[in-house]
Amino acid sequence: MTQQLKNVMLSSVELFCAVAEYKSFTQAAKIAGLTPAAVSRSIARLEQRLNTQLFVRSTRQVRLTHAGEIYFQQCQQGLTQIIEAEQLLRNQSQQLNGRIRISLPTPYGHYRVLPLIPIFKQKYPNIQIDLQLTNKNVDFIAEGFDLAIRGRYFKDSNLIVRTLEHAELVVVAAASYIDSYTIPTDIAALDQHECLQFILPSTGKSVPWLFKVNNQIHEYTTKGSLHCLDDILGTVTLAKHGAGLLQTYRFIVAQDIQNGQFVELLHPFAGASRPFSLVYPSQKYASAHIRTFIDFLITHLKTDVL
């Protein structure tokens, strides 16, 4: 039992079992990587919580009281069940296998989903994940995709749509741009600035900027002579080099705002957001490995589920 306890985080109950088994605070402390004093304090807190003395201590030995014996037997049974349950889950994780093809929009993929993939792979090493980063819509059947994440709502009745989060939008500019131009204080002032444009592949039109005015969301068509036709992250790179103002997702530029590379603008009109949704054909949820990946993403990303 004690050897197995090395593989789980030792709580006060697990420390109690180690002391009871070895009849030694010192030995239990060695197993837990703690000091004997820390183990003694943990046992004292446990006894206080139970309002029961669990050990009789002397200079030569430690032995269980009658109440401690009863408690030890029950705790051993409980810990054994926990260890067996953890082992069962680990075995199931190792056994899950299959291939998942998922299409991701470039900004959300880079900043929100890709950092989670190593965590998933560590838990489910036998599941193969094929990632496509694109801002174009995909045909699930024709292109063989299992899942997609998109930044707009799908009305296809054959698809399940689950909102992952509403990503906040911010307007930013590089410090070098701010040094050369007057800072805009209202939305109308944007007409006097170079506003970097992203052209949505599905429509061929620039994405309007969104602002919150009197608790209502308003679209604003900005003006600009610089357009990125396929990769929205291109507008971020342009903005970093002082090419103009940019409205983008806070999760993309939060670190740059913090370190001073970007300055956040138009605070009174902030608060607008766009949803990102996980989209998949209903029959795909039947596959255990795909269902596991869907549940993993929703657990780590969701703010709302439709």
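What to note about this one:
- Just one of the numbered conditions (1) at pLDDT 95 or above; (2) over 21 Å from the mean Cα position of the chain (by Cα) is not true of V253: (2).
Okay, residues lined up against (1) exposed (fewer than 15 other Cβ atoms within 10 Å of the Cβ); (2) in contact with a His (Cβ under 8 Å, 6 or more places away or on another chain); (3) assigned by the TED database to the domain that holds Y111; (4) not charged (D, E, K, R):
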site	(1), (2), (3), (4)
P201	yes, no, no, yes
H218	yes, no, no, yes
G260	yes, no, no, yes
L265	no, no, no, yes
P268	yes, no, no, yes
S287	no, no, yes, yes
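- Complete set of residues in segment 1-50 that are among the small types (G, A, S), under 38 Å from the mean Cα position of the chain (by Cα) and either modelled with pLDDT of 85 or more or not in a helix (DSSP H, G or I) (or both): S11, A18, A28, A29, G33, A37, A38, S40, S42, A44
- Test: residue in segment 83-97 that is in contact with a strand residue (DSSP E or B) (Cβ under 8 Å, 6 or more places away or on another chain), at pLDDT below 95 and small (G, A, S): no
- Here S206 fulfils each of the conditions (1) polar (S, T, N, Q); (2) assigned by the TED database to the domain that holds L246; (3) surrounded by fewer than 12 Cβ atoms within 10 Å (Cβ to Cβ) apart from (3).
- Of all the numbered requirements in (1) surrounded by 14 or more Cβ atoms within 10 Å (Cβ to Cβ); (2) out of contact with any helix residue (DSSP H, G or I) (no Cβ under 8 Å at 6 or more places or on another chain), L278 misses one, and that requirement is (2).
- Residue count for segment 259-298, restricted to those that are of a type in the set (V, I, T) and part of a helix (DSSP H, G or I): 4.
- Considering D139, D130, D146, the condition of being within 19 Å of R162 (Cα to Cα), of a type in the set (D, E) and at pLDDT 90 or above is satisfied by D146 alone.
- Subset of segment 29-39 [free of Cβ contacts under 8 Å to residues at least 24 places away in the same chain and buried (at least 18 other Cβ atoms within 10 Å of the Cβ)]: A29, A32
- Residue list for segment 220-258, filter: open to solvent by less than 70 Å² (accessible area, probe 1.4 Å), over 23 Å from E165 (Cα atoms) and in a strand (DSSP E or B): C228, L245
- Considering segment 187-238, the residues that are among the basic types (K, R) and more than 23 Å from V138 (Cβ to Cβ) include one that is farthest from the chain's Cα centre (by Cα), namely K223.
- For beta carbons closer than 9 Å, sequence separation of 6+ or different chains, a first residue in segment 205-217 that is without any contact (Cβ under 8 Å) to a residue 40 or more places away in the chain and a second that is surrounded by 15 or more Cβ atoms within 10 Å (Cβ to Cβ) and assigned to a loop (DSSP other than H, G, I, E, B), the qualifying pairs are S206/L200; S206/T222; S206/G224; V207/L200; V207/I232; P208/T222; N215/G271.
- The residues of segment 235-258 that are closer than 20 Å to S180 by Cβ and among the small types (G, A, S), listed by number, are A239, G242, A243, G244.
- Of residues in segment 36-58 being out of contact with any strand residue (DSSP E or B) (no Cβ under 8 Å at 6 or more places or on another chain) and among the aliphatic types (A, V, I, L, M), the one nearest to S12 (Cα to Cα): L46
- Of all residues in segment 66-77, those that are of a type in the set (A, V, I, L, M) have Cβ atoms under 6 Å from Cβ atoms of residues that are open to solvent by less than 90 Å² (accessible area, probe 1.4 Å), 6 or more apart or on another chain, in A67/T52.
- Some residue of segment 187-199 being farther than 20 Å from F269 by Cβ, surrounded by 14 or more Cβ atoms within 10 Å (Cβ to Cβ), in contact (Cβ under 8 Å) with a residue 12 or more places away in the chain and not β-branched (V, I, T): no
The values are calculated or read from the model by the stated rules, or taken from the named source; none is laboratory data. Note that the structure is predicted; figures quoted are calculated from it, not measured. As a convention, Cβ positions derive from the backbone with ideal geometry for all residues, glycine included, and neighbour counts pool all protein chains shown. Just the protein is used for accessible areas: all its heavy atoms, side chains included, with ligands, DNA and RNA removed. Shrake-Rupley method; radii C 1.70, N 1.55, O 1.52, S 1.80 Å.
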